[in-house]
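Report on the structure given below.
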Amino acid sequence: GQSLEQPSEVTAVEGAIVQINCTYQTSGFYGLSWYQQHDGGAPTFLSYNALDGLEETGRFSSFLSRSDSYGYLLLQELQMKDSASYFCAVRGGRAGGFKTIFGAGTRLFVKA
Amino acid sequence: EAGVAQSPRYKIIEKRQSVAFWCNPISGHATLYWYQQILGQGPKLLIQFQNNGVVDDSQLPKDRFSAERLKGVDSTLKIQPAKLEDSAVYLCASSQREVGTDTQYFGPGTRLTVL
């Protein structure tokens, strides 16, 4: 089966850097995604890592270590609007039967 | 480009009633997903379609939930009969490819309240 673990809450100060970790278990790993969801809104895609290493997109970066079944999302220069829930999602399975499983989410609070 | 459309946005029903949700994915997206998101939890995949075929429905409570995607475009998700624990947001998403660097685009969701 597939499972993910991520912290339930993280609090940081505006302008700071925060890292949200995610560990996963899956058979047939294909990639790890990150999504952002504001209260009352729909999840929006942030990043996808299929290979080891760091992917950078503006203020957001995502890292993957396949050997450690571990990834993280790094948010730099935090802004108040970054207060939201962040979900890691693992894509796994086998050809013809790939499935994406979402973690329970990390609620990020950004304080002034 | 139009996003994923869902209707209705809100629905309130009593337990044991039936309800149906509709989703229109982004044009050209072959893969369509239905998720259930209970407050404070992550989205839970109910069913995944590739064109009009089912890829995965292992977490779909088949005794009460059904879904179809006729002609590989629009999709409907039905609950009959509804239970209190079905109260959740039902999210539809679509993507262009099943594997690779694909991105799931989510619709606004349907918030279901079962009384």
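Worth pointing out:
- Any hit, the stretch B:92-105, residues being more than 10 Å from chain A (Cβ to nearest Cβ), within 25 Å of residue A:2 (Cβ to Cβ), free of Cβ contacts under 8 Å to residues at least 60 places away in the same chain and surrounded by 19 or more Cβ atoms within 10 Å (Cβ to Cβ): no
- Selection count, the stretch A:64-112, where residues are more than 8 Å from chain B (Cβ to nearest Cβ), charged (D, E, K, R) and outside any helix (DSSP H, G or I): 6
- Answer from B:83, B:71 - the residue that is surrounded by fewer than 19 Cβ atoms within 10 Å (Cβ to Cβ), modelled with pLDDT of 95 or more and away from chain A (no Cβ under 12 Å): B:83
Yes/no per residue for (1) within 30 Å of residue B:9 (Cα to Cα); (2) within 14 Å of chain B (Cβ to nearest Cβ); (3) in a loop (DSSP other than H, G, I, E, B); (4) free of Cβ contacts under 8 Å to residues at least 40 places away in the same chain:
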{"position": "A:1", "(1), (2), (3), (4)": "no, yes, yes, yes"}
{"position": "A:11", "(1), (2), (3), (4)": "no, no, no, no"}
{"position": "A:20", "(1), (2), (3), (4)": "no, yes, no, no"}
{"position": "A:24", "(1), (2), (3), (4)": "no, yes, no, no"}
{"position": "A:27", "(1), (2), (3), (4)": "no, yes, yes, no"}
{"position": "A:32", "(1), (2), (3), (4)": "yes, yes, no, no"}
{"position": "A:36", "(1), (2), (3), (4)": "yes, yes, no, no"}
{"position": "A:56", "(1), (2), (3), (4)": "no, no, no, yes"}
{"position": "A:61", "(1), (2), (3), (4)": "no, no, no, yes"}
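- Of the criteria (1) within 16 Å of residue A:19 (Cβ to Cβ); (2) at the interface with chain B (Cβ under 10 Å from one of its Cβ atoms); (3) modelled with pLDDT of 95 or more, which one residue A:43 fails: (1)
- Selection status of residue B:62, part of a helix (DSSP H, G or I) and either under 14 Å from the mean Cα position of the chain (by Cα) or farther than 18 Å from residue B:106 by Cβ (or both): no
The values are calculated or read from the model by the stated rules, or taken from the named source; none is laboratory data. Being a predicted model, the structure only gives us computed values, none of them experimental. Virtual Cβ from ideal backbone geometry, glycine too; neighbours counted across all protein chains shown.
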